[in-house]
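I have placed the structure first, in the form of structure tokens, so that the comments after it can refer back to it.
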Amino acid sequence: MPRNLLDEPHLHPAIHEQVTNLGAAVVHNVQAAAASNAVLVVGMAGNFFCKRARRALDAAGVAHHYLEYGSYLSQWRPRLALKMWTGWPTFPMVFVKGVLVGGASDLQKLIDSDELKRLLGV
């Protein structure tokens, strides 16, 4: 079942452009990075789970690209735009070949089951 989003007839015309373009630059940046890197971790400073995901990839010998958007008290708007775009509520957001696979614990399950290697074709 798709996520419920407020449809256009229920947006006042005065705010339509603002809603449409909310976080467009950060979303575009993450889309481009996900398309050009086999594994992308999107995170934030000071978040243990972001560090855990990166350490798990390092331990598995999997190269990855990392994008960081602020900390708990900074850059919350770009992170909010990413949450709204993906529907994923937490960080990190891990992408494998452009597909969001979840967060740190989801990534660890993929590593433990060798599913990550299969997804990467190794």
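Just one of the listed residues (ALA53, ALA60) is open to solvent by less than 30 Å² (accessible area, probe 1.4 Å), in contact with a helix residue (DSSP H, G or I) (Cβ under 7 Å, 6 or more places away or on another chain) and without any contact (Cβ under 8 Å) to a residue 60 or more places away in the chain, and it is ALA53.
Residue by residue, here is whether (1) out of contact with any strand residue (DSSP E or B) (no Cβ under 9 Å at 6 or more places or on another chain); (2) outside any loop (DSSP other than H, G, I, E, B); (3) surrounded by 11 or more Cβ atoms within 10 Å (Cβ to Cβ); (4) β-branched (Val, Ile, Thr) holds:
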{"site": "ARG3", "(1), (2), (3), (4)": "yes, no, no, no"}
{"site": "LEU6", "(1), (2), (3), (4)": "yes, no, no, no"}
{"site": "ILE15", "(1), (2), (3), (4)": "yes, yes, no, yes"}
{"site": "VAL19", "(1), (2), (3), (4)": "yes, yes, yes, yes"}
{"site": "GLN31", "(1), (2), (3), (4)": "yes, yes, yes, no"}
{"site": "ALA45", "(1), (2), (3), (4)": "no, no, yes, no"}
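Annotation: GLY98 fulfils all but one of (1) under 27 Å from LEU116 (Cα atoms); (2) surrounded by 16 or more Cβ atoms within 10 Å (Cβ to Cβ); (3) within 14 Å of the chain's Cα centre (by Cα); the unmet one is (2). For VAL26, the test of being touching a strand residue (DSSP E or B) at 6+ places or on another chain (Cβ under 6 Å), surrounded by 17 or more Cβ atoms within 10 Å (Cβ to Cβ) and in contact (Cβ under 8 Å) with a residue 24 or more places away in the chain is failed.
Restricting attention to segment 63-85, the residues being without any contact (Cβ under 8 Å) to a residue 40 or more places away in the chain, among the hydroxyl-bearing types (Ser, Thr, Tyr) and surrounded by 15 or more Cβ atoms within 10 Å (Cβ to Cβ) number 1.
Mind checking which residues of segment 68-83 are among the aromatic types (Phe, Trp, Tyr) and under 16 Å from HIS28 (Cβ atoms)?
The one that is among the aromatic types (Phe, Trp, Tyr) and under 16 Å from HIS28 (Cβ atoms): TYR69.
Taken over segment 101-122, the criterion of being under 14 Å from the mean Cα position of the chain (by Cα) and among the aliphatic types (A, V, I, L, M) is satisfied by VAL101, ALA104, LEU107.
The values are calculated or read from the model by the stated rules, or taken from the named source; none is laboratory data. All figures in this text were calculated on a predicted structure; none of them were measured in a lab. Quick reminder, even Gly has a Cβ in these numbers, built from the backbone with ideal geometry, and neighbours come from all protein chains shown. Protein only, heavy atoms only, side chains kept; ligands, DNA and RNA dropped before computing areas. Shrake-Rupley method; radii C 1.70, N 1.55, O 1.52, S 1.80 Å.
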